[in-house]
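The values are calculated or read from the model by the stated rules, or taken from the named source; none is laboratory data. Just so it is clear, the model here is predicted, and its values are computed rather than measured. So basically every Cβ, Gly included, is an ideal-geometry build from the backbone, and we count neighbours across all protein chains shown. The accessibility values were calculated without ligands, DNA or RNA, using every heavy atom of the protein model including side chains. Shrake-Rupley method; radii C 1.70, N 1.55, O 1.52, S 1.80 Å.
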Amino acid sequence: MIDVDPPAESARARMPWDGRRDPAVDLVRGIAVVCMVIAHVRVWSPFDSGPARLVLLLVNNVASPLFALVMGISAGIVLTRRERRVSGPVFVARDVVRGLLLVLVGLALQSLGTFVAIVLMSLGLTLAVAAPLALLPLPAVAGLAAASFAVGPWVTAAARSAFNPARVHSPALLDQVLQWVVLSTHYRVVSLLPFVLLGVVLARLRLTPRVAGATLGLGLVAGLGVVALRLAGHGLGVSEVRSGDLPDALLDLALAATACGAVVLLARWTPARPLVAASAPVRATGALALTAYVLHVCLIAVAMRAVPWPTAQAWWAPLGGGILLVTLVVCHLWWARLGKGPVEWVVAAVTDRIG
């Protein structure tokens, strides 16, 4: 395994996360969690058309790729931070175990029987696959990110053609693994992997304002690609778009890269410090992302059992807003008083024993 060091040209430079949490990264992660909550409670929304539906659709699309992107950034932080450095084998072993724990947590949440499509199984397997790749030389990681993004839609389409459609929703364990990797209509390793690897690249480049600006530029270029495809008759509103198709993948890249680049630029901008400070509840939710995810799915499970569906649809905004508000407040208070979240504590108690 390759022992990854910060870029040679900035070997003596301070990393944004040296000796502290990076508020920019926590803010991006927190926004991703907020988008996930909104994406889930929007199922109660009665909007079938119009601007509100479009906004909710865009929020839904940005949630998982942005979370995968910041997951890769977190992995890159572990590789580049000055303190608590780990060797390559230990890094891989910890992330593989962490990924498997995410799968177990995801299966537990899935057993609650909510309408939420749980992303943790696909994210966990993606983390396990990405861990050894993150140790490669930086150009190789960047190349793999680009290559996996390019072939992902083709692999997804080929798998859908090769396998019996019934396996897409089959509860059999082998079929579920296939769903997590390539067959799911929501989240797949083949679709999330490019974003995790891109996040690793951004962190190994120190996620400076220049890097954030380049990320924003990448998102805008991808957005132009979305527009070009739509003008050619491929995209939302003009043709059938399936999750994992090229138009969908390009839209995910446009939204996630633009959001990440813009938020990091804002957080790194000195005049915006009061705004970043005011975002403490969102940053706390980002620091407790896994706990926040578990909490909001459990709240949805309670709401589904306590509130009849017609009532939930009629009051979807206060109901969904309440779930989001409770998630933010609980995470903010927990982080301010106790620090690390309970689910994060359990995961760390297992993975930190490795190495």
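Distance from the alpha carbon centroid of the range 56-109 to that of the range 252-308 works out to 16 angstrom.
Residue separation of CYS298 and LEU107 scaled by 0.36 nm, minus their Cα-Cα distance, works out to 67.5 nm of gained length.
Taking MET121, MET36, MET15 as the candidate residues, the one with maximal mean-square fluctuation in a Gaussian network model of the chain, Cα springs under 10 Å, is MET15.
How many percent of the alpha carbon pairs in the range 34-75 exceed a separation of 15 Å? Result for the distance tail: 44 percent.
The figure for PHE115 is an accessible area of roughly 50 square angstrom, using a 1.4 Å probe on the protein chains alone.
Where the convex hull is taken over the Cα atoms of the chain, what is its projected area averaged over directions, in nm²? Mean orientational projected area (the chain, Cα hull): 18.2 nm².
Under 37 °C and 0.692 mPa s, how fast does the range 19-170 diffuse according to Stokes-Einstein, given a Kirkwood radius computed over C-alpha pairs? Answer in µm²/s, whole number. In µm²/s, the coefficient is 185. The helix-only estimate of mean residue ellipticity at 222 nm for the chain, built from DSSP H runs of length n ≥ 4 each weighted as -39500 (n - 2.57), is -23500 deg cm²/dmol after division by the residue total. As a length-normalised measure over Cα pairs under 8 Å and 6 or more apart, the relative contact order of the range 147-254 settles at 28 percent.
If you run the Gaussian network model on the chain, springs between alpha carbon atoms under 10 Å, then out of GLY244, GLY321, GLY113 the most flexible one is GLY113. Surface composition of the chain: carbon plus sulfur atoms contribute 69% of the solvent-accessible area (1.4 Å probe, protein chains only, all chains present).
The label-point distance for ALA140 and GLU344, in a model that sets each label 7 Å from Cα toward Cβ, rounds to 3.1 nm.
Computed with a 1.4 Å probe over protein heavy atoms only, the accessible surface of the chain comes to 46 Å² per residue. Using a Gaussian network model of the chain in which every pair of alpha carbons under 10 angstrom is joined by a spring, one finds that among PRO308, PRO342, PRO46 the greatest mean-square fluctuation is at PRO308. Normalised by the number of residues in the chain, the mean separation of alpha-carbon contacts (under 8 Å, six or more apart) gives a relative contact order of 26 percent.
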